[in-house]
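All remarks here apply to the structure that follows.
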Amino acid sequence: MKTKIDLDTWYRKSHFEFFNSFEEPFFGLNVNVDVTIAYHKAKEQGVSFFLYYLHCILKAANSIESFRYRVENGDVFLYDEVHASTTISRPDTTFGFSYIDYKLDFAEFVTGAQQEIKRVQATTGLELRPVFNVLHVSAIPWVNFTGLTHARSFTFKDSMPKVSLGKMTETYGKLMMPVSVTVHHGFIDGRQVGEYIDLFQQLLNG
């Protein structure tokens, strides 16, 4: 479900119209998060660490209103719930795009995600879907990055937040992982990105 926003009365009207007129309305921040507790909990439960932190990513996004706004044909909508479009690696070194539903119950989320991952790994190509109520999520476990950019088509008015995660490394006994959060500035400012990262860390700590 989604609700159309009346721009004339919306408190972010000026900010949205200003940044949405840009060729590139996105900005991004890169941080390191502590995944020590999350990694060990995933291993104890016998579940994929990727799915463990993906659930935290979606839970945090669904908890913060600004991460659920989208532009569709010039109009702004607020979604009740957002899900994940993630890149899934295949044995031939290519990847496919997936659509993974967010479920508050972690076991239910994992079951659905595992089915979607298996399906995508058995396909070829990218399989683009015309959906807006997603976060674009990508794992780059080979690189301990300190910065990241995204391929962008400026002819498409994209507004989906993008969360990318890098290589896990050990630092002073803690497992750390770089995270890039890239968002549409018409909807989200630095304050909200900070809230999102703080909440994501809290969820990782369980």
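Observations, loosely collected:
- Selection count where residues are assigned to a helix (DSSP H, G or I), closer than 18 Å to P25 by Cβ, in contact (Cβ under 8 Å) with a residue 12 or more places away in the chain and not hydrophobic (A, V, I, L, M, F, W, C), scope the range 184-206: 3
- For the range 1-58, taking the residues that are more than 17 Å from I188 (Cβ to Cβ), touching a residue at least 24 places away in the same chain (Cβ under 8 Å) and basic (K, R), the one that is surrounded by the fewest Cβ atoms within 10 Å (Cβ to Cβ) is identified as K4.
- V134 being in contact with a Ser or Thr (Cβ under 7 Å, 6 or more places away or on another chain) and within 28 Å of F19 (Cα to Cα): yes
- Number of residues in the range 3-55 that are of a type in the set (S, T, Y), under 20 Å from S66 (Cβ atoms) and touching a helix residue (DSSP H, G or I) at 6+ places or on another chain (Cβ under 9 Å): the value is 0.
- Candidates I37, I88, I100, filtered to the one that is under 15 Å from the mean Cα position of the chain (by Cα) and farther than 25 Å from G147 by Cβ: I100
- Of the helices (runs of 4 or more DSSP H) entirely within the range 1-96, those holding at least 3 residues that are within 20 Å of V193 (Cβ to Cβ) and either at pLDDT 95 or above or touching a Phe, Trp or Tyr at 6+ places or on another chain (Cβ under 9 Å) (or both) occupy 13-20, 49-63.
- Of all residues assigned to the range 150-157, none qualifies as being within 26 Å of R70 (Cα to Cα), modelled with pLDDT of 95 or more, surrounded by 13 or more Cβ atoms within 10 Å (Cβ to Cβ) and among the charged types (D, E, K, R).
- Being of a type in the set (S, T, N, Q) and more than 22 Å from Q202 (Cα to Cα) is a property that holds for T123.
- Inter-residue pairs, beta-carbon under 8 Å, first under 25 Å from E23 (Cβ atoms) and in the range 145-173, second basic (K, R) and surrounded by 16 or more Cβ atoms within 10 Å (Cβ to Cβ), 6+ apart: H150/K162; S159/R70; M160/R70
- The residue of the range 97-125 that is surrounded by the fewest Cβ atoms within 10 Å (Cβ to Cβ), among those that are part of a loop (DSSP other than H, G, I, E, B) and in contact (Cβ under 8 Å) with a residue 40 or more places away in the chain, is L104.
The values are calculated or read from the model by the stated rules, or taken from the named source; none is laboratory data. Since this is a predicted model, take the numbers as computed values, not measurements. Methodologically, a virtual Cβ is constructed for each residue, glycine included, from the backbone with ideal geometry; neighbour enumeration extends over all protein chains shown.
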